[in-house]
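S.K.: Have a look at this one.
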Amino acid sequence: MYSTLIFLHSLTRWLVVISLTYAIYRGYTGFKFQKTFTKTDNAVRHWTATIAHIQLIIGILVYTQSPSIKYFWKHTREALRNWDVTFYSLVHALIMLLAIVLLTVGSAKSKRMPTDPEKFKTMLIWFFIAFMLIFIAIPWPFSPLSNRPFFR
Ligand code: HEM
C-alpha cells in the first residue's frame with residue numbers, strides 16, 4: 001500500500017511539473033502576443049489545477065502512511081535532529097500545501113478576470129510562483145534539501 005502511494009506520488013510529480021510548465025508557457029505567450037484566451041487555454045488552466053489537487057490528495061495519503069512521519073509525530077524532539085525526517089514532516093508538506101493554495105487561487109482569479117490579457121497574466125504570475133515553490137520542495141536527486149530518485 002505505502003510503496004504504491006510513493007510510486008504514484010513520485011510519478012504524479014512529473015504530471016504536475018509538465019502541466020505547470022505548459023500552462024506558464026501558454027500564459028506567457030498569450031499575454032505577450034495578445035492572444036485570445038481559448039477553450040484550450042481554459043482547459044489547460046483547469047487541468048493543471050486538477051492535477052495539483054490529485055497530487056495533494058496522494059501527498060496527504062502518503063503523509064498518513066509514512067513510517068518516518070509517524071516517527072516524527074511520536075518522537076518529535078529526537079526527530080527534529082534528523083533533517084530528512086523533518087524535511088518531509090514539515091518543510092515539504094507545508095511548502096507544497098502553500099504552493100497548491102496559490103495555484104488554486106490563481107486559477108480561480110484567472111477564470112474570473114474580465115479580459116483575455118488579464119486572464120493570461122493572472123495565470124502566468126500565480127502559476128509561476130507556485131511552480132517555483134514546488135520546484136524547490138521536490139526532492140530531486142540534485143536537490144540540496146533531500147534526494148529521492150527521478151522515478152520509483
Ligand atoms: C505538488 C505537490 C507535490 C509534489 C510535486 C511532491 C513530490 C514528492 C516527491 C517527488 C517525493 C519523493 C517520492 C519518492 O520517495 O520517490 C515526495 C515525498 C513525500 N511527499 Fe510529496 N509532493 C507534493 C505534495 C505533498 C504534500 C501536499 C504532502 C503532504 C501533505 C506530501 C508528503 C510527502 C511525504 C510525506 C513524502 C515522503 C515520505 C517518505 O519518504 O517517508 N507531498 N513528494
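S.K.: Examine the stretch 40-56 for a residue that is closer than 17 Å to residue 139 by Cβ and not charged (D, E, K, R), and state whether such a residue exists. Give the steps one after another, and end with the answer.
M.R.: Just the residues of the stretch 40-56 that are closer than 17 Å to residue 139 by Cβ, to begin with: 55-56.
Still in the running and not charged (D, E, K, R): 55-56.
So far as the stretch 40-56 goes, yes, one or more of its residues are closer than 17 Å to residue 139 by Cβ and not charged (D, E, K, R).
S.K.: Would you mind listing the helices (runs of 4 or more DSSP H) fully within the stretch 1-109 where at least 3 residues are of a type in the set (Lys, Arg)?
M.R.: Working: elements: 2-32, 39-65, 67-74, 76-79, 83-86.
So the answer is 2-32.
S.K.: I'm trying to understand the selection: among the residues of the stretch 46-86, which are aromatic (Phe, Trp, Tyr) and surrounded by fewer than 13 Cβ atoms within 10 Å (Cβ to Cβ)? If you could, list the steps in order and put the result at the bottom.
M.R.: Initially, the stretch 46-86 is screened for residues aromatic (Phe, Trp, Tyr), giving 47, 63, 71-73, 83.
Scanning the stretch 46-86 gives 73, 83.
S.K.: A follow-up question, please. Looking at 55, 65, which is the one that is in contact with a Leu (Cβ under 9 Å, 6 or more places away or on another chain), under 30 Å from residue 120 (Cβ atoms) and either modelled with pLDDT of 95 or more or near the ligand (Cβ under 9 Å from one of its atoms) (or both)? Show your work before the answer.
M.R.: On the way: 65 fails: under 30 Å from residue 120 (Cβ atoms).
Step by step, each of 55, 65 is checked, and only 55 is in contact with a Leu (Cβ under 9 Å, 6 or more places away or on another chain), under 30 Å from residue 120 (Cβ atoms) and either modelled with pLDDT of 95 or more or near the ligand (Cβ under 9 Å from one of its atoms) (or both).
S.K.: With the condition kept exactly as written, say whether any residue in the stretch 1-8 is crowded, with 17+ Cβ neighbours inside 10 Å, within 18 Å of residue 133 (Cβ to Cβ) and either at pLDDT 95 or above or away from the ligand (no atom under 14 Å from the Cβ) (or both).
M.R.: No.
S.K.: Okay, moving on. Which of the residues that make up the stretch 13-34 are more than 16 Å from the ligand (Cβ to nearest atom) and touching a helix residue (DSSP H, G or I) at 6+ places or on another chain (Cβ under 7 Å)? First the steps, then the outcome.
M.R.: Quick first cut of the stretch 13-34, residues more than 16 Å from the ligand (Cβ to nearest atom) only: 25-34.
Residues satisfying the conditions are 26, 27, 28, 30, 31, 34.
S.K.: Any chance the stretch 39-49 includes a residue that's within 12 Å of the ligand (Cβ to nearest atom) and within 29 Å of residue 147 (Cβ to Cβ)? Walk me through how you get there before you give the answer.
M.R.: First, the residues of the stretch 39-49 that are within 12 Å of the ligand (Cβ to nearest atom): 48-49.
Subset that is within 29 Å of residue 147 (Cβ to Cβ): 48-49.
Scanning the stretch 39-49 turns up at least one residue that is within 12 Å of the ligand (Cβ to nearest atom) and within 29 Å of residue 147 (Cβ to Cβ).
S.K.: Going by the conditions given, is residue 131 among the aromatic types (Phe, Trp, Tyr) and touching a residue at least 60 places away in the same chain (Cβ under 8 Å)?
M.R.: Values: among the aromatic types (Phe, Trp, Tyr): yes; touching a residue at least 60 places away in the same chain (Cβ under 8 Å): yes.
Judged against the criteria, residue 131 is a match.
S.K.: Do we have any residue at all in the stretch 35-47 that's closer than 15 Å to residue 126 by Cα and free of Cβ contacts under 8 Å to residues at least 12 places away in the same chain?
M.R.: no
S.K.: While we're on this one: Considering only residues that are surrounded by 20 or more Cβ atoms within 10 Å (Cβ to Cβ) and more than 15 Å from the chain's Cα centre (by Cα), which ones fall in the stretch 22-43?
M.R.: Result: 26, 27, 30, 31, 37, 41.
S.K.: Given the conditions (1) in contact with an Asp or Glu (Cβ under 9 Å, 6 or more places away or on another chain); (2) under 19 Å from residue 7 (Cα atoms); (3) not hydrophobic (A, V, I, L, M, F, W, C), report the number of the one that residue 110 does not fulfil.
M.R.: It is condition (2) that residue 110 fails.
S.K.: Okay, next question. Go through the stretch 106-121 and give me each residue that's over 12 Å from residue 37 (Cα atoms) and either in contact with a Gly (Cβ under 7 Å, 6 or more places away or on another chain) or not aliphatic (A, V, I, L, M) (or both).
M.R.: Taking the stretch 106-121 and keeping what is over 12 Å from residue 37 (Cα atoms), we get 106-109, 112.
Within the stretch 106-121, 106, 107, 109, 112 meet the criteria.
S.K.: A follow-up question, please. Of all residues in the stretch 110-152, how many are surrounded by 15 or more Cβ atoms within 10 Å (Cβ to Cβ), within 14 Å of the ligand (Cβ to nearest atom) and not in a helix (DSSP H, G or I)?
M.R.: Qualifying residue count, the stretch 110-152: 6.
S.K.: Residues in the stretch 81-101 that are free of Cβ contacts under 8 Å to residues at least 24 places away in the same chain and within 16 Å of residue 147 (Cβ to Cβ): how many?
M.R.: 3
The values are calculated or read from the model by the stated rules, or taken from the named source; none is laboratory data. Quick caveat: nothing in here was measured; it's all calculated off a predicted structure. Cβ coordinates were reconstructed from backbone atoms using ideal geometry, including for glycine residues, and neighbour counts include every protein chain displayed.
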